[in-house]
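Structure, as structure tokens:
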Amino acid sequence: MIRTRARGGARAGAETARRAFVFVLPGLWVLGVVAWELCHPTSGRLLQLLSAAPAIACAGTGRRQCVLLGGLCALLALVPFGEAEPGAGVGTRLMTCGATLAVIGASYLTAGRRLRLVRELERTREVAVAAQRVVLRPLPRRIDGVLLAADHLSASEGAMIGGDLYEVVGTRHGVRAVIGDVRGHGLEAMGTVAAMLGSFREVVHDEPELGEVLRRLERSHQRHLRERALAGGPVAGAGEPVSVLAEEFVTLLLLEVAQDGSVTALNCGHPWPYRVARRAVAPVAAAEPMPPLGLFPLPAELSAVRCGRLRPGEGLFLHTDGAADARDAAGEFFPLAQELRSSVVAAAAPCGPSPSGVVGAVRKALLRHAGGRLTDDVALLMLSNDRVRVPASSAGTPPAGERLTR
């Protein structure tokens, strides 16, 4: 996954500044109350505000600071400031001290519960991140001489994955890739994504033809939907029909990059990729795609579409329709082709544009266009032929098509 270091550094700096402010705020509160009492004596009535300092300390810093600062406030509440008015003697100061101690106790217990909940939330997030990375695992930088870069943006807040999927696997048949879009988006589509990716990772090694890979994926999809129907699980959004086989579908694009750079593809209702050269971007001119997987049975004969050959330094940019359909505040669609060309020029190198640079630039432009608010999941994937820089096989080393270079 592409990550922006500048954004991470800015967030870390803002978090450090916030923590420093919250840490000194209780002390400033105490100093302000005491200074006001010294300058404008109120016979101790203003000192009752000291009881708020422990609560501020517990909410913003921690339990230890809460106790230390609370004890200081309780002692200050017992100190006479100025001349005492009639009826405002030791009893009033003792009541103020007691109220401060009560606030200390309540804030201490509340802070302890908050810390336990925060630790539990952090552990839950770690488990969730690990589980999501198993489903949509990060791709290596290189597989069998093909450079890779990918990124995913989920429309669901707090989720790393959603209804889009991608995977690249090195096999003896060539480097095979899949990118797809499950009907719907967000967390409700994750089950179908996991089923499709699990099936793809297994069958690409067994089937020599892309057509057979697609048929196996279709059977896995149908089996997954039947299991969901029998289990009574959710099959669509709230208020939508629950006819599983009629409503659930997946758009898929299967690609195979052979050793000589030739590309073949099978497309089930998915956007065709862009061919990326050193400083040029052009859509892949291919046949009309088949219907999405799950809407209709696959035809009896499946012939992979030949998409030409990738010369060294050239690549393919794959995306889901969430990228092209993203809108800004004025309702304008994201100019994907235009931004892709700009990204290719910016990431140009002597041996071709960098996949990570192109994907990262498109991601930034997409988020900037949508204002950080996405209504659909987005997946970006780029493959670049880099075999010109892969050293030749030495004696006793398996052929390049049978080894996985990471």
message: I'm trying to understand the selection: among the residues of region 315-351, which are more than 26 Å from Arg387 (Cα to Cα) and of a type in the set (S, T, N, Q)?
response: Thr320, Gln338
query: Considering Leu225, Leu255, Leu214, which residue is closer than 30 Å to Arg311 by Cα, modelled with pLDDT of 75 or more and assigned to a helix (DSSP H, G or I)?
result: Leu214
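Let's see how each residue does on (1) of a type in the set (A, V, I, L, M, F, W, C); (2) in contact with a strand residue (DSSP E or B) (Cβ under 6 Å, 6 or more places away or on another chain); (3) under 29 Å from Ala177 (Cβ atoms):
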residue: Ala111; (1), (2), (3): yes, no, no
residue: Leu117; (1), (2), (3): yes, no, no
residue: Thr124; (1), (2), (3): no, no, no
residue: Val129; (1), (2), (3): yes, no, yes
residue: Arg133; (1), (2), (3): no, no, yes
residue: Leu139; (1), (2), (3): yes, yes, yes
residue: Leu148; (1), (2), (3): yes, yes, yes
residue: Asp151; (1), (2), (3): no, yes, yes
residue: Ala155; (1), (2), (3): yes, no, yes
- request: Could you tell me which numbered condition Met290 fails, if it satisfies all but one of (1) of a type in the set (A, V, I, L, M); (2) in contact (Cβ under 8 Å) with a residue 60 or more places away in the chain; (3) under 24 Å from Val175 (Cβ atoms)?
  value: (2)
- prompt: Looking at Thr375, Thr397, Thr320, which is the one that is within 30 Å of Thr171 (Cβ to Cβ), of a type in the set (Ser, Thr, Tyr) and modelled with pLDDT under 90?
  reply: Thr397
field: Test result for Leu293, more than 15 Å from Val362 (Cα to Cα) and touching a helix residue (DSSP H, G or I) at 6+ places or on another chain (Cβ under 7 Å)
entry: yes
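Yes/no per residue for (1) among the hydroxyl-bearing types (Ser, Thr, Tyr); (2) in a loop (DSSP other than H, G, I, E, B); (3) within 17 Å of Ala194 (Cα to Cα):
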residue	(1), (2), (3)
Val129	no, no, yes
Gln132	no, no, yes
Leu139	no, yes, yes
Leu147	no, no, no
Glu167	no, no, yes
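Taking Ala330 as the residue in question, decide whether it is aliphatic (A, V, I, L, M) and modelled with pLDDT under 85.
Judged against the criteria, Ala330 is not a match.
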query: Which members of region 294-338 meet the condition of being within 26 Å of the chain's Cα centre (by Cα) and crowded, with 20+ Cβ neighbours inside 10 Å?
result: Gly315, Leu316, Phe317, Leu318, His319, Thr320, Gly322, Ala323, Ala326, Phe334, Leu336
field: Close pairs (7 angstrom Cβ cut-off, 6 or more residues apart or separate chains): over 17 Å from Met196 (Cα atoms) in region 249-260, in a loop (DSSP other than H, G, I, E, B) and of a type outside the set (Gly, Ala, Ser) anywhere
entry: Glu256/His173; Val257/Leu310
query: Within the bounds of region 137-155, is there any residue that is free of Cβ contacts under 8 Å to residues at least 60 places away in the same chain and either surrounded by 23 or more Cβ atoms within 10 Å (Cβ to Cβ) or out of contact with any Asp or Glu (no Cβ under 9 Å at 6 or more places or on another chain) (or both)?
result: no
- line: Exception for Arg279 within (1) among the basic types (Lys, Arg); (2) free of Cβ contacts under 8 Å to residues at least 60 places away in the same chain; (3) in contact with a Lys or Arg (Cβ under 9 Å, 6 or more places away or on another chain) falls at (2)
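The values are calculated or read from the model by the stated rules, or taken from the named source; none is laboratory data. Quick caveat: nothing in here was measured; it's all calculated off a predicted structure. Virtual Cβ from ideal backbone geometry, glycine too; neighbours counted across all protein chains shown.
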